[in-house]
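Reviewing the structure listed below.
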Amino acid sequence: MKIAIYPGSFDPITKGHLDILKNASEIFDKVIIAVAHNGEKKGFLTVEERVMLIKESIKGFENVEVDSFKGLTIEYAKKHGAEVLIRGLRAVSDFEYEMQLSQTNSALCPDIKTVFLTTKPKYNFISSSTIKEILNNGGDISKFVPECVFQYLTKKC
Ligand code: ADP
């Protein structure tokens, strides 16, 4: 059974994340979306809110689960018997950071490989930070996030 972890902030989950997830779920037997508790970054949503919205968004996927974790991603992956970490690539600007991250993880645990996936072009530019920016300025985010996220954030803000 090939298990893949898709780690990230998901603050909030977007249609870009979901497209990566769809591709991953077709390749691997089980995918765990793992929301990182990031001590340094103050989140827009709490980790509990993010997990709740992801749970709602992944209802159509049979082999996808959601969880949250503290500490190193690679340790979390080892604990769950995962062989693969999924990361998404948007533009060249993502590349340097993602490359450094994957090489660091590979140095820590060579058995766990990072697999990079891309989205359909229509979702490629979407990022959680742009969503927050649009939302804070009263714009319409409905095209960029799953319906449940749109409803929740509209009520919250
Ligand atoms: P992090 O804070 O770890 O970067 P994010 O929630 O922002 O977490 O993103 C998780 C992963 O999903 C990252 O690898 C990011 O590059 C990828 N990702 C996010 N949005 C997109 C998108 N629209 N297209 C491709 N990859 C994406």
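Quick one: which helices (runs of 4 or more DSSP H) lie wholly within the stretch 41-117 and hold at least 3 residues that are hydroxyl-bearing (Ser, Thr, Tyr) and over 14 Å from the mean Cα position of the chain (by Cα)? In the stretch 41-117, the matching helices (runs of 4 or more DSSP H) lie at 92-108. When ASN23 is tested against the conditions (1) surrounded by 24 or more Cβ atoms within 10 Å (Cβ to Cβ); (2) under 19 Å from ARG90 (Cβ atoms); (3) in contact with a strand residue (DSSP E or B) (Cβ under 6 Å, 6 or more places away or on another chain), the lone failure is (1). Just to be sure I understand, how many residues within the stretch 126-157 are farther than 16 Å from ILE13 by Cβ and of a type outside the set (S, T, N, Q)? Of the residues in the stretch 126-157, 6 are farther than 16 Å from ILE13 by Cβ and of a type outside the set (S, T, N, Q).
Name the residue that is nearest to the ligand (Cβ to nearest atom), counting only residues in the stretch 1-33 that are in a helix (DSSP H, G or I) and among the small types (Gly, Ala, Ser). By that ranking, first place goes to GLY16.
Of all residue pairs spaced 6 or more apart or on separate chains, those with beta-carbon atoms under 6 Å, a first member in the stretch 80-94 that is closer than 24 Å to LYS15 by Cα and a second member that is of a type in the set (Ser, Thr, Tyr) and near the ligand (Cβ under 8 Å from one of its atoms) are ILE86/TYR6; LEU89/THR118.
Just the residues that are assigned to a helix (DSSP H, G or I) and over 25 Å from VAL31 (Cα atoms), please, taken from the stretch 118-145.
Let us first name the residues in the stretch 118-145 that are assigned to a helix (DSSP H, G or I), namely 121-123, 128-136.
Residues satisfying the conditions are THR130, LYS132, GLU133, ILE134, LEU135, ASN136.
Return yes when THR114 is in contact with a Ser or Thr (Cβ under 8 Å, 6 or more places away or on another chain), closer than 26 Å to CYS157 by Cβ, within 10 Å of the ligand (Cβ to nearest atom) and polar (S, T, N, Q) and no when it is not. Considered against the rule, which asks whether it is in contact with a Ser or Thr (Cβ under 8 Å, 6 or more places away or on another chain), closer than 26 Å to CYS157 by Cβ, within 10 Å of the ligand (Cβ to nearest atom) and polar (S, T, N, Q), THR114 comes out as no. Checked against (1) within 13 Å of the ligand (Cβ to nearest atom); (2) surrounded by fewer than 15 Cβ atoms within 10 Å (Cβ to Cβ); (3) at pLDDT below 95, GLY60 passes all but condition (1). Within 19 Å of ILE131 (Cβ to Cβ) and touching a strand residue (DSSP E or B) at 6+ places or on another chain (Cβ under 6 Å): does that describe VAL47? Considered against the rule, which asks whether it is within 19 Å of ILE131 (Cβ to Cβ) and touching a strand residue (DSSP E or B) at 6+ places or on another chain (Cβ under 6 Å), VAL47 comes out as yes.
The values are calculated or read from the model by the stated rules, or taken from the named source; none is laboratory data. Keep in mind the model is a prediction, meaning the values are calculated, not measured. Virtual Cβ from ideal backbone geometry, glycine too; neighbours counted across all protein chains shown.
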